[in-house]
Each structure stands twice: as C-alpha cells, then as structure tokens.
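Only one structure is covered here, and it is reproduced in the block below.
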Amino acid sequence: MQPKQNIMHLPVYQPGKSLDAVKKELGLEEVVKLASNENPFGCSEEAKAAIVNELSNTSIYPDGGSVELTEALAAHLGVEKDQLIFGAGSDEVILMLARAFLVSGDETIMADETFPQYKHNAEIENAHVIEVPLRDGKHDLSAMLEAVTVKTKIVWICNPNNPTGTIVTQDELNTFMEHVPASVLVVLDEAYCEYIEDESFPDGLSMLKNYKNLILLRTFSKIYGLASLRIGYGVGHPDVIRSINQVREPFNTTRFAQAAAKAAVADQAFISFCKKHNNEGIAYLTAQFDRLGLPYFPAYGNFIMFDAKHPSGQVFDGLLRKGIISRARWSYYPTHIRITVGSEKQNEQFIRALEEVLQELKVQV
C-alpha cells in the first residue's frame, strides 16, 4: 500500500521532551520543562472541579455542537454563537482550515519561521507553500502582501509569532487587511493574546466586523492551562465557520474539555493572576539576559527567544543535563533558544543553569 506521494517527505511533528523521558534518560530527580509554553501555574480550580463533575459521564458522547461552551464563550468575547468553531486544540482548527479551503495547486503564504502546523497541513492538501522571511524576527506584512497572487487562498499570521514572540501592530494589520484581496482568507493566530497588554496589539475581534475574510485562532492550552485536554477555537464570519464545520469530525472535543473550558472562561481572576506573574517573569528574565549580554526578541506571550551566542543544540544539551528542557534548533536562528516563562523558582533555576552552561562552553572554546 502507498500513501499519497505529497506526504512522503513530510516530517513528523517533534514535541518538546517530556519530564519523565528526561528524568529516565539522564537519571535526574528534578526536571523543569520550559519547552512547550505551558502555564506553570496550572489551571483554574473551577476548571478542575468541572472535570471531576464529568467523571460520571465518561460513557456518554460529548455534545457535538459544544452548545454550552459556545454560549459562554460567545458572551465572554461579545460575538455571535455562529461565529465560533471548536477543535482539539487550535491545531485541529488549522487542519480543518486547510482541509476546507486548500486544494492541489493553491498557494498559501506564511512566515519562514513560524508555527509549523500551517505548512504541515497545507502540504498535506498539496498546496504550494510560500514562506516569506521574517524581518528582525517579525512578520514582514508588506512582503507577504507582495507575494499574494490569484492563486493565493490563505495567509497565516501568527501573532505573537511562535517562536520569536514578536507582534504585528494594529496599524500594520489594518494596512494589510485594507489591501489583501477579499478572496484571500487571513488566519490570525492569537494563541497567546490573553497575555498581552501592549496597546498596539491588534483588536482582532473588532476587525471581524469589517473583514469577512479574517478568522482568529485561539486556545485554552496556554494561559488557561488546559493543554492536556486539547481544546481551541476559531472566531470568524458565520459563512467561514459554516464551511469549516462541514469538514469537522463529529464529537471532536471531549466532555471534559468542554466543561473545563466553560468553567475556565468564568474564572477570569485566575487569568489575571497568570498574566501578572508572567509579566514579572518576563521582567526578571530579560534583566538577566541584559546582564549576561544575550540579545533577545521582545516578549509578548509567555516565552522568550534569546541569542545564546553558541550553537543552540549545544546550549540545549547543556541545559538538559542540568534538568532544564528548552526548545532549540531553529532553521533560521541557529544560535537561539526559546524558553517558556516559568514560575519564579523555575526562572531562577533556568538562569543558574544557563550561566553554568555558557561558562562550560566558553572553557571548551
């Protein structure tokens, strides 16, 4: 049996190393995972209680339409219920977008160093991927606009961008949307938007009122701390959502995920707590990078990408031996490391380990 020829070359997604795997591999008792941009403070206690309440319903299929969650989230965001679609993480919404809109020969545009699932799912549909180089770690919207042709179906904008953490501003996005053809769907991935307080960050929800060809992606995996439950969502024009729904698998999100997400939305005090401590963590880490003379991209989410000034694989391996799991080996940033903002204790452990690794590498040279 032979699979589709256009998927034969595709890489399998490589997640960050797990805590248990690193402990077993290196014989460590304590390991700090700062590789996957997870919330170091867990999730809302209300969400935990909602999960427990669903244990008696494990034999019953989930609500295929996520009705209660849809009502709660629509009210929270100030949108209509038919503007929402849920997936097993925003990853699945990306998959559904590619499945619904891309066919062989279509073109799709994205940054050259961004969330890899855009490219992966586009290539599964045999679309032609056009990668536009980042400029100073940031989406070059002007160059992306110039790359649009009559064959372009989707443009992907990760904001903040993963892995660099940079943002495009409201003014920049306004200009882009004013000039991009209405026939091109613009996907604005806002997985980390709840962390951001910068006034220049785009108000994507307001922009939906003016642009039918805009869809937002968001997730409960990051600040809401529900990564293991796999639930994310898209917000867009009802016609676009309807098209995506036509390729959505039935019962694609679980009872536990729906219940926890609904409870998490109601507990905005927890979100405020996480945002406050994340800001404190960014302030600490950037001050330490300044002290160590290590350049970094401006951080807007819950992660920072910095230049370790050594091959990132070497720094990654050194940190790993000291019990710190980071993320490295970026195609266009060979000396950069992406680190999740952890708790105060985790951030301090990371900096101590980083200083030791850098000193060891300096001695080796």
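The values are calculated or read from the model by the stated rules, or taken from the named source; none is laboratory data. These numbers come from a predicted model, not from an experiment. Methodologically, a virtual Cβ is constructed for each residue, glycine included, from the backbone with ideal geometry; neighbour enumeration extends over all protein chains shown. Just the protein is used for accessible areas: all its heavy atoms, side chains included, with ligands, DNA and RNA removed. Shrake-Rupley method; radii C 1.70, N 1.55, O 1.52, S 1.80 Å.
Quick rundown of the values:
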quantity	calculated
Cross-link pairs beyond the 19 Å C-alpha cut-off, checked among 33/345; 33/262; 119/262	33/262; 119/262
In segment 1-63, trypsin sites (Lys or Arg not before Pro) in a DSSP loop with at most 16 other beta-carbon atoms within 10 Å	4
Percent RCO, i.e. relative contact order, over the chain, from Cα pairs under 8 Å lying at least 6 residues apart	23 percent
Distance between modelled label sites at residue 283 and residue 4, nm, 7 Å Cα→Cβ extension	4.9 nm
Hull volume in cubic angstrom per residue (convex hull over the Cα atoms of the chain)	161 Å³
FRET E, pair residue 344, residue 21, Förster distance 25 Å, beta-carbon r, rounded to 0.05	0.45
Signed unit charges on C-beta, dipole axis of the chain, positive-most listed residue 61, 258, 83	61
Sequence-separation-based contact order of segment 16-115, relative, with Cα cut under 8 Å and 6+ spacing, percent	11 percent
Solvent exposure of the chain as accessible area per residue, Å², 1.4 Å probe	46 Å²
For segment 237-365, projected area of the alpha-carbon convex hull averaged over all directions, nm²	11.6 nm²
Which of 254, 166 is most accessible, then next, and so on - probe 1.4 Å	254, 166
Alpha-carbon gyration tensor eigenvalues x 5, square-rooted, for segment 55-208, Å	28, 20, 15
Nearest-20 debye value, the chain charge dipole, Cβ charges on Lys, Arg, Asp, Glu	780 debye
Extended-chain gain in nm, criterion 0.36 nm per residue less alpha-carbon gap, residue 58 and residue 76	3.7 nm
Gain upon complete extension [residue 199, residue 355; 0.36 nm per residue less C-alpha separation]	52.7 nm
Segment 23-181, accessible surface, carbon-and-sulfur percent (1.4 angstrom probe)	48 percent
Cleavage-rule hits, trypsin sites (Lys or Arg not before Pro), segment 281-355, DSSP coil, Cβ neighbours within 10 Å at most 13	329
Extension gain, residue 129 back to residue 171 (0.36 nm per residue minus Cα-Cα distance, nm)	12.5 nm
Estimated [θ] at 222 nm from DSSP helical runs (n ≥ 4, -39500 (n - 2.57)) normalised by residues in the chain, nearest 500	-12000 deg cm²/dmol
Hydrodynamic radius (Kirkwood) for segment 140-201, which is based on Cα pairs only, to one decimal in Å	12.4 Å
Leading residue at positive end of dipole, the chain (Cβ point charges), from 139, 195, 32	32
